[in-house]
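The values are calculated or read from the model by the stated rules, or taken from the named source; none is laboratory data. Nothing here was measured: the structure is a model prediction, and the numbers come from that model. Here the Cβ is made from the backbone with ideal geometry for all residues, glycine too, and neighbour counts use every protein chain on show.
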Amino acid sequence: MPSRSEVRAALATKYSYWRVNRLEVIGEDAGRVRWDPQDRYWVYQPHTAVTADAANLKFPEAESMALNALRFRFRDDQWEPDPLFSTALLYRGLPDPSPDQVIALLEQPGIEFGLLDFAQVPRKMSLRSLPRFTPVLDGFGPPRLPVEVFAEVELLDFPNEQIHTAAVTFRTYLFCQVRDERWSAGPKVELLDKKILHSRSAHREELWEKHWAMDRWWRNPR
């Protein structure tokens, strides 16, 4: 198997485009060998961590970390780094968006409020709790932050041909576009709770008009 010095050298080569702050092979058990039935190679993945200096990112206090970011494959009687292997990133030190920033993001097109039969962008929005970013390894996409929001909204009720004014609680996610130094919201949204405040009758033409208006709104590019 590759030695620790060979693992460190391979990591340094792989992340040469980063301004590496720390590069570690973790623990006494440096990893394990297993058969990969899909690639049909013996593979070895050492336990490693590579942390990028904040200069890599536009957020001055932020760090990015790649965990277990390297894999070797046994090919032609020798171990070589697998050039196709990739890993997710862990981000630390990202600043929390302010409540005003969150509300402004939720008012932009692109969130699927129409799929919840909302007749409009929610009004009187307030955050259930202040958003706090915590380090999270979230697949291969950008870091995400769940937010829960209280709001007032009109709900379309097609079966009963009514429009309800309701107090609702919904959840969506903010995504941090780290290198662009910006947050974005949605598109998925989940209704957690609703309380009907009052209702009025509505013709189906009005219901469909409001439905398609919301559909056009959330499909708009940002």
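Listing for the model above:
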quantity: Tabulated pairs, segment 180-200, first without any contact (Cβ under 8 Å) to a residue 24 or more places away in the chain, second outside any strand (DSSP E or B) and surrounded by 14 or more Cβ atoms within 10 Å (Cβ to Cβ), C-beta under 9 angstrom, 6+ apart or interchain; calculated: Glu190/Leu116
quantity: Members of segment 103-121 found to be under 17 Å from the mean Cα position of the chain (by Cα) and not small (Gly, Ala, Ser), listed by number; calculated: Leu105, Leu106, Ile111, Glu112
quantity: Single unsatisfied condition, Phe59 versus (1) under 17 Å from Gly93 (Cα atoms); (2) among the aromatic types (Phe, Trp, Tyr); (3) at pLDDT 75 or above; calculated: (3)
quantity: Search result, residues across segment 61-102 that are over 22 Å from Tyr41 (Cβ atoms), over 18 Å from the mean Cα position of the chain (by Cα) and hydrophobic (A, V, I, L, M, F, W, C); calculated: none
quantity: Odd one out for Tyr173 among (1) closer than 18 Å to Val121 by Cβ; (2) loosely packed, with under 12 Cβ neighbours inside 10 Å; (3) free of Cβ contacts under 8 Å to residues at least 40 places away in the same chain; (4) not basic (Lys, Arg); calculated: (2)
quantity: Some residue of segment 134-150 being surrounded by 15 or more Cβ atoms within 10 Å (Cβ to Cβ), under 14 Å from Thr165 (Cβ atoms) and at pLDDT 80 or above; calculated: no
quantity: So Glu181, is it acidic (Asp, Glu), modelled with pLDDT of 90 or more and farther than 19 Å from Ile111 by Cβ; calculated: no
quantity: Residue in segment 122-133 that is farthest from Pro99 (Cα to Cα), counting only those that are of a type outside the set (Lys, Arg) and at pLDDT 70 or above; calculated: Pro122
quantity: Residues of segment 1-49 satisfying the condition of being surrounded by 16 or more Cβ atoms within 10 Å (Cβ to Cβ), modelled with pLDDT of 80 or more and of a type in the set (Val, Ile, Thr); calculated: Val7, Val43, Thr48
